[in-house]
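This report concerns only the one structure given below.
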Amino acid sequence: MSLYLALLTYNIENEEKERLISYLKLPKTIAQTLRDAAEIKSKMLQLADIRLKPSAVYRLLKGYSMQSLTAGIISGDSTAARQNIKLYVNKMRMVKPMLTGEDLIKMGIPQGPRIKEVLGKLLEARLDGEVKTRRDEERLVENWVKD
């Protein structure tokens, strides 16, 4: 149901959408899908940039529900933007670094927020094709530790 409502309200202004959510007393999850679809729509111009790195597409779309992403694929104006959303849905959202936080600690990265930061950088490198294997990730981390 949330996908259908997201599609029906895709081109409605946010104020109108909020009034509809309130009037229909929509459950939080459905209301959030409608809001997320509106956010994705607002990012269509950025997503339409064919020079956009995969990691940038990932950052733009991370955290949105499948229903809101699907609404963007179906209703988006730009072929390039729709392709980027499809790429995120079909491939990128499942990508993870091969190294874990434990691996990073063993390599000399101190416990704490730095681990999350390094894992984020590894994810970006993997998404952008800069690393392909576990050993590639290890080399990259070793270089970061040296610097």
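Just so it is clear, none of the values below were taken in a lab; they were calculated from the coordinates. As the structure is a computational prediction, the values presented were derived from the model and not from experiment. Glycine gets a Cβ as well: all are built from the backbone with ideal geometry, and neighbour counts include every protein chain shown.
Quick rundown of the values:
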read-out: Candidate set from region 1-23 (those that are aromatic (Phe, Trp, Tyr) and free of Cβ contacts under 8 Å to residues at least 40 places away in the same chain); member that is surrounded by the fewest Cβ atoms within 10 Å (Cβ to Cβ); value: Tyr23
read-out: Flag if Leu99 is part of a loop (DSSP other than H, G, I, E, B) and crowded, with 18+ Cβ neighbours inside 10 Å; value: yes
read-out: Which listed residue, of Arg139, Arg126, Arg134, is in contact with an Asp or Glu (Cβ under 9 Å, 6 or more places away or on another chain), over 19 Å from Tyr58 (Cβ atoms) and basic (Lys, Arg); value: Arg134
read-out: Extreme residue, nearest to Ala6 (Cα to Cα), among residues of region 24-77 that are part of a helix (DSSP H, G or I), among the hydroxyl-bearing types (Ser, Thr, Tyr) and in contact (Cβ under 8 Å) with a residue 40 or more places away in the chain; value: Ser68
read-out: Enumeration of residues in region 78-104 that are touching a residue at least 12 places away in the same chain (Cβ under 8 Å) and within 12 Å of the chain's Cα centre (by Cα); value: Asn84, Ile85, Lys86, Leu87, Tyr88, Val89, Met92, Arg93, Val95
read-out: Residues of region 78-89 classified as of a type outside the set (D, E, K, R), surrounded by fewer than 18 Cβ atoms within 10 Å (Cβ to Cβ) and not in a loop (DSSP other than H, G, I, E, B), total; value: 5
